[in-house]
Every structure is written in structure tokens, then in C-alpha cells.
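**Q** Next up is a structure, given as C-alpha cells.
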Amino acid sequence: MSHSDAITRVSLKKITPDVSTAMGALHGAAVSAARDAKIEPELLELLRIRASQINGCAFCLDMHTKDARAQGETEQRIYALSAWRETPFFTERERAALALTEAVTLVHDGRVPDAVYAEAAEVFDEKQIAALIWAATVINAYNRIAIATRMAPGAYEPKQKTS
């Protein structure tokens, strides 16, 4: 079946608005926790892009690459994100967050290894690690929603970065 022949999928927001609202509230709480923990919004976008790459979520990749660009992220780093371990483009802090995000996203491959957690604990405090885990959990949930309902990428327009 080609993508154009795909059946129409359920609109979760329309059919289960209370659950959709709760998911939005969880997202908002995770963003607030990250802000309170002093996690940079740019780092959160890298985390969201990386999880979405792993999960193959076209809708979220479209959204978060646009958001990252709007916040000043470079094309080079966005393009290299799937091979971040092989590049010099990411800081130690970013690498620790990306490793933690990958472990949370791929939890079925061996849980979150102690070494990955310890690496994160070297550059983030507990409040920051908690915020990163929540951010990774939320984007993974959104990836699954977008994939299951075949949300179409392309129409999203980011908010402009505020000074």
C-alpha cells in the first residue's frame, strides 16, 4: 500500500480530547521542568530530533528540525546528528544528553546502562537528569502518536525565537 493509498487514521485530539489535553499538559510540565533545571531549549531540540530519528517519526523530525533552525541551530549539526558520536560538532554536555536520550528511546535494547547514566551525571545535576528523562519520554510518546495516526509532515511552522 502506498502512502497515498493509506487509510484515514483516527484523530486522537478529536476522539479523545481529554487524553490529548493531558498529553499537552505533560509536555508543558516537562518543558517547565527543563527550563527550571536550566536545560537549554537548543539542547532539548537536539534530543527531540535524535529520538525522532531513531523512531522514524517524519512529523516530529519536520517539526523539531524547523524549531532547531529557528533557534539558531546549524544545518551541519542537524545533518550530523544521527552520527553524533563520529563528529566533533557536539559538546560533552550535548553528547551526554544524546546518549541518555538514545538509551531511553531504545530501552528495549538493554535498559539505560549505568555507564550512560554516569556519563550524564558527570555533566548534569539530578534536577537536570530528571528533566532530560522527562523530555525524552515525552518525545517518544509523541513519536508513537504521530506514527500510529500517520500525522503528515510539512505544514508545521515554528514560532520565531524571542530575544
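**Q** What is the diffusion coefficient of the stretch 4-59 in µm²/s, taking the Kirkwood radius over Cα pairs and the Stokes-Einstein relation at 20 °C with a viscosity of 1.002 mPa s?
**A** For the chosen part, D equals 157 µm²/s.
**Q** Name the residue from A118, A70, F90 whose Cα lies farthest towards the positive end of the charge dipole of the chain, charges +1 on Cβ of Lys and Arg and -1 on Cβ of Asp and Glu.
**A** Of A118, A70, F90, it is A70.
**Q** Something else now. Expected output is a single nm value to one decimal: the length gained when fully extending between A130 and Y156, i.e. 0.36 nm times separation in residues minus the C-alpha distance. What is it?
**A** Numbers: separation 26, 0.36 × 26 = 9.36 nm, distance 2.86 nm.
Gain on extension, A130 to Y156, equals 6.5 nm.
**Q** Leaving out ligands, DNA and RNA, and with a 1.4 Å probe, what % of the accessible surface on the chain is carbon or sulfur?
**A** 58 percent
**Q** Let me ask something additional. For the pair A83/A121, report the inter-label distance in nm, with labels modelled 7 Å from Cα in the Cβ direction.
**A** So the label points at A83 and A121 sit 3.3 nm apart.
**Q** Can you figure out the FRET efficiency of I7 with L106, using R₀ = 25 Å and their beta-carbon distance, to the nearest 0.05?
**A** For I7 and L106, the calculated efficiency is 0.30.
**Q** Where in the stretch 6-88 are there trypsin sites (Lys or Arg not before Pro) that are in a DSSP coil and have at most 12 other Cβ atoms within 10 angstrom of their Cβ?
**A** R9, K38
**Q** Take each uninterrupted DSSP H stretch in the chain, measure its Cα extent along the helix axis, and return the ones at 24 Å or beyond whose mean Kyte-Doolittle hydropathy is at least -0.5.
**A** Values: long enough: 17-36 (28 Å, 0.28); 126-148 (33 Å, 0.77).
Long hydrophobic helices here: 17-36, 126-148.
**Q** For the stretch 1-136, just the Cα atoms, rotate onto the principal axes and tell me the three extents in Å, largest first.
**A** 46, 34, 31
**Q** Another one. Work out from phi, with θ = phi - 60° and the Karplus expression 6.51 cos²θ - 1.76 cosθ + 1.60, the ³J(HN,Hα) of each residue of the stretch 71-80, listed in order in whole Hz, and give x for Gly and Pro.
**A** For the stretch 71-80, the Karplus curve yields 8, x, 5, 8, 4, 4, 5, 5, 5, 8 Hz.
**Q** Apply 1/(1 + (r/R0)^6) to the Cβ-Cβ distance of T91 and T149, taking R0 = 45 Å, and write down the FRET efficiency to the nearest 0.05.
**A** E between T91 and T149, to the nearest 0.05, is 0.80.
**Q** Here's a follow-up. Averaged per residue, what accessible area in Å² does the stretch 46-163 show with a 1.4 Å probe, protein chains only?
**A** 53 Å²
**Q** For the stretch 105-163, just the Cα atoms, rotate onto the principal axes and tell me the three extents in Å, largest first.
**A** Extents along the principal axes: 39, 37, 13 Å.
**Q** What is the magnitude of the charge dipole of the chain about its Cα centre, with +1 placed on the Cβ of each Lys and Arg, -1 on the Cβ of each Asp and Glu, and no other charges, expressed in debye to the nearest 20?
**A** 580 debye
**Q** If DNA, RNA and ligands are ignored and the probe is 1.4 Å, what is the ranking of D62, D109 by accessible area, most exposed first?
**A** Working: D62 30, D109 110 Å².
The most accessible residue leads, giving D109, D62.
The values are calculated or read from the model by the stated rules, or taken from the named source; none is laboratory data. Small disclaimer: the values here were computed from a predicted structure and weren't measured. Virtual Cβ from ideal backbone geometry, glycine too; neighbours counted across all protein chains shown. Keep in mind that these areas ignore ligands, DNA and RNA; they rest on the heavy atoms of the full protein, side chains included. Shrake-Rupley method; radii C 1.70, N 1.55, O 1.52, S 1.80 Å.
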